[in-house]
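Where a number appears in this text, it was derived from the coordinates with a stated rule and is not lab data. Please read all numbers here as calculations on a predicted model, not as lab measurements. All Cβ positions, even for glycine, are placed from backbone atoms using ideal geometry, and neighbour counts span all protein chains on display.
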Amino acid sequence: MARAFLVVMDSVGIGGAPDAEQYSNGAVADTGANTVAHIAQACGRGLASDGRLGPLRLPTLDAMGLGRAVHLASGAPALGLGREPQGSWGVATEVSRGKDTPSGHWELAGVPVPWDWHYFPDTDPAFPPDLVSQVASLAGTDGILGNCHSSGTLIIERLGAAHIRTGKPICYTSADSVFQVAAHEDTFGLDRLLWLCETLAPALHDIKVGRVIARPFKGGPERGFVRTPNRRDYSVAPPAPVLTNWVQDAGRRVYGLGKIGDIFSMQGIDRVRKGPDERLMAHLHDLVASAEDGSLVFANFVEFDSLYGHRRDVSGYARALEWFDTQIGALLPKLREDDMLLLTADHGNDPTWVGTDHTRERVPVLIAGPGRETLGHIGFSDVATIVARHLGVPVPD
């Protein structure tokens, strides 16, 4: 019985979103943002040489159609990419309003977001007084730190010492519909942080804030602070059954890798495996060897986005892509004859762009498995249909 492996390369966009002018980083519209093409250009010009050298080398992804997808999406060439695809490939365009994780993943799973998310203003302070009071009351502190838009790594670097000294949680947001709380695992406590975010989530979900995210970290002011893998997302539940539900309702097993369980509030997920991307890749290889017939493995590799896109680290993003390419190249020969591996993304995060937020882009759809087809332009939700049909699972109207 056929199996499917749906892998989201978080933020690996390919430009060309037809409504990019409606989205921005600060005062700069996302028009022209192109994560893959701009990384390839930077590599070709010697501008991405920290820990790597030369042109962007993605032989596996390119053979699956990445270079062709970049050109179809945006009309732009991806320097060094563009081989004749050996499998099925296409380009997906999102219709949901937003350029965030839940919007992208829900629509990839078959359900576009039917409402407008609530976003906190890019002001200082960013949060209303009643929310600040609620957080402080639950945390047992006389206030919070942050209360602004920020990169997560930058805000713990700036406020980590004050957090340890005062005990106040660090609260911040971004251009996404999120309320994020960072706290030290040892001095504040991981369980206390998770309880705080879980308790806050229902009221924030009611006003359509998409996620409340616990961002634990460790370290100190002398050696610096580092976020741990114990992040937890408390997300609004999808408004209708999604791909994972369709598969589970058909009596099949569904595995979530990375933050998939959090994104879908565990709807339709039987088992979850978490960890940094290197560990998730080991889990993916293991499940290719061991997952049951008819099962779905739904994975998110977040570090393209969290470690390199938001930090505007072009070299780091290029290194991550090249590592991922090598790992997928080793995985492909392990697939069974009737397996499908579908690689895609949920939005862009062009590391050459201004600001630190996601960029509105089309995404690649690269498929290894039965058949060889040029899909052309499709919608995000068509990805769910492709996977469901491969598994022989009914697709709801």
| field | Label-reachable residues, region 160-186, where backbone N falls under 12 Å from a point 7 Å from residue 136's Cα toward its Cβ | value | 168-169
| message | Looking at the chain as a GNM with Cα springs under 10 Å, which of 381, 103, 133 has the largest mean-square fluctuation? | response | 133
| query | Once all Cα-Cα distances of the chain are split into 20 Å bins that start at 0, what whole-number percent is in each one? | reply | 29, 59, 12, 0
| note | Both in Å, the radius of gyration and Dmax of the C-alpha trace of region 274-351 are 13.7, 41
| Looking at region 340-397, which trypsin sites (Lys or Arg not before Pro) are DSSP coil and have at most 13 other C-beta atoms within 10 Å of their C-beta? | 372
| request: Under a cut-off of 16 Å between alpha-carbon atoms, report the aspartates and glutamates in cross-link reach of residue 99, not counting same-chain residues fewer than 8 places apart. | output: 10, 19, 21, 30, 107, 116, 176, 305, 346, 350, 357, 361
| said: Per DSSP helix of 4 or more residues, -39500 (n - 2.57); summed, then divided by the residues of the chain. What does that give at 222 nm, rounded to the nearest 500? | reply: -10000 deg cm²/dmol
| request: Using a 10 angstrom cutoff on alpha carbons, build the Gaussian network for the chain and name the most mobile of 351, 102, 221. | output: 221
| message | Quick one: the Cα spread of region 274-314 along its three principal axes, in angstroms, biggest first? | response | 41, 16, 16
| query | How big is region 46-191 by Rg and Dmax over its Cα atoms, in Å? | reply | 21.4, 61
| field | Intensity falloff of region 133-256 expressed as log10 I(q)/I(0), Debye formula with alpha-carbon point scatterers, at q = 0.09, 0.19, 0.21, 0.23 Å⁻¹ | value | -0.29, -0.99, -1.15, -1.34
| task | Rounded to the nearest Å, what's the spacing between the alpha carbon centres of region 100-136 and region 353-384? Just the number, please. | result | 24
| query | How big, in percent, is the set of alpha carbon pairs in region 31-109 lying more than 15 Å apart? | reply | 63
| query | Once you charge only the Cβ atoms, +1 for Lys and Arg and -1 for Asp and Glu, what is the size of the charge dipole of the chain about its Cα centre, to the nearest 20 debye? | reply | 720
| note | the chain, Gaussian network, Cα under 10 Å: of 51, 189, 80, the residue fluctuating most is 51
